[in-house]
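**Q** To start, I am sharing the structure in question, which I have written as structure tokens.
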Amino acid sequence: MTGLHVFDMDGTLLHGAASVELSRHLGTFDEASAIEAGWLRGEISDTSFWEQMLPLWSAATESEIDAAFNNAAWINGVEDVFADIARRGEYSIVISQSPHFFVDRLRQWGAHRAYGSLVDPHMSTDRWVLLTPQHKVDITQSVLAELDVCESRCVAYGDSTSDVLLFEHLDNTVGVNCTAAVRSSATVLYDGDDIREAYALGRNLWEQAPTTCSESAS
């Protein structure tokens, strides 16, 4: 029976935030860190966050983004986990509030699909589509239906408040180096530097889960 693994990116597969990692490579780390800190404190809205952050990358080339992605502070074992999921005939998706142009590069590492906020330094604000916590639930449900996978065969991995709604919806969830909010809603917890170990916990949850959709909790 196939299954679906749903990963957050920032804080789960990546130490820290993609926006800060990209800015570090482009020489605007201090500015990005200040914006990120203000957003985390609730002083900057999601829209204002991107209004301030995107100009820092306006001159970035595709090769510079590639280099920032490859040199970012990834948790150990990301490619190994995607490869194992594919080898088993299962599916992996990444859903992140970070820019889609950064998240999508994880498909090069073996993720089946990647979803992120549709923002770009050269895109007008009226075309932005910011990915929200509810989108994580909606996308997961849509992919489950499309692939005909029941929720009992879905495991989500996340670390922050943006993952709480999805964690509340699913029975099988792994909190990865997570905040207090996620710790109270995750099925199991992982603290460490290797996503392969968190993934092993997720697979273990399947051994205790129903094997048919009719048995699965809604």
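The values are calculated or read from the model by the stated rules, or taken from the named source; none is laboratory data. Being a predicted model, the structure only gives us computed values, none of them experimental. Cβ atoms come from the backbone with ideal geometry, glycine included; neighbour counts cover every protein chain shown.
**Q** Restricting to segment 6-21, count the residues that are β-branched (Val, Ile, Thr) and modelled with pLDDT of 95 or more.
**A** Residues of segment 6-21 that are β-branched (Val, Ile, Thr), as a first pass: 6, 12, 20.
Checking the rest, the ones that are also modelled with pLDDT of 95 or more come to 6, 12.
Residues in segment 6-21 being β-branched (Val, Ile, Thr) and modelled with pLDDT of 95 or more: 2 in total.
**Q** Then there is this: Restricting attention to segment 117-136, and to residues there that are touching a residue at least 24 places away in the same chain (Cβ under 8 Å) and touching an Asp or Glu at 6+ places or on another chain (Cβ under 9 Å), which single residue is farthest from residue 171 (Cα to Cα)?
**A** 125
Residue by residue, here is whether (1) under 16 Å from the mean Cα position of the chain (by Cα); (2) within 21 Å of residue 75 (Cα to Cα); (3) charged (D, E, K, R) holds:
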{"position": "116", "(1), (2), (3)": "yes, yes, no"}
{"position": "121", "(1), (2), (3)": "no, no, no"}
{"position": "127", "(1), (2), (3)": "no, no, yes"}
{"position": "137", "(1), (2), (3)": "yes, no, no"}
{"position": "150", "(1), (2), (3)": "no, no, no"}
{"position": "160", "(1), (2), (3)": "yes, yes, no"}
{"position": "182", "(1), (2), (3)": "yes, yes, no"}
{"position": "213", "(1), (2), (3)": "no, no, no"}
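**Q** Quick one: which helices (runs of 4 or more DSSP H) lie wholly within segment 59-107 and hold at least 3 residues that are surrounded by fewer than 22 Cβ atoms within 10 Å (Cβ to Cβ)? Steps first, answer last, please.
**A** Working: elements: 62-70, 78-87, 100-103.
Because the criterion is at least 3 residues that are surrounded by fewer than 22 Cβ atoms within 10 Å (Cβ to Cβ), the helices (runs of 4 or more DSSP H) in segment 59-107 that meet it are 62-70, 78-87.
**Q** Another question, if that's okay. Restricting to segment 108-140, count the residues that are in contact with a strand residue (DSSP E or B) (Cβ under 7 Å, 6 or more places away or on another chain), of a type in the set (Phe, Trp, Tyr) and either surrounded by 18 or more Cβ atoms within 10 Å (Cβ to Cβ) or not assigned by TED's automatic domain parsing to the domain that holds residue 82 (or both).
**A** Final tally of qualifying residues: 1.
**Q** What pairs can you find where one residue is in segment 192-209 and in contact (Cβ under 8 Å) with a residue 60 or more places away in the chain, the other is assigned to a helix (DSSP H, G or I), and their Cβ atoms are less than 7 Å apart, with a gap of 6+ or different chains?
**A** 195/78; 195/81; 196/80; 196/81; 199/81; 206/153
**Q** With (1) touching a helix residue (DSSP H, G or I) at 6+ places or on another chain (Cβ under 9 Å); (2) assigned by TED's automatic domain parsing to the domain that holds residue 176 as the list, and residue 56 as the residue in question, which single condition is left unmet?
**A** Just one mismatch for residue 56, condition (2).
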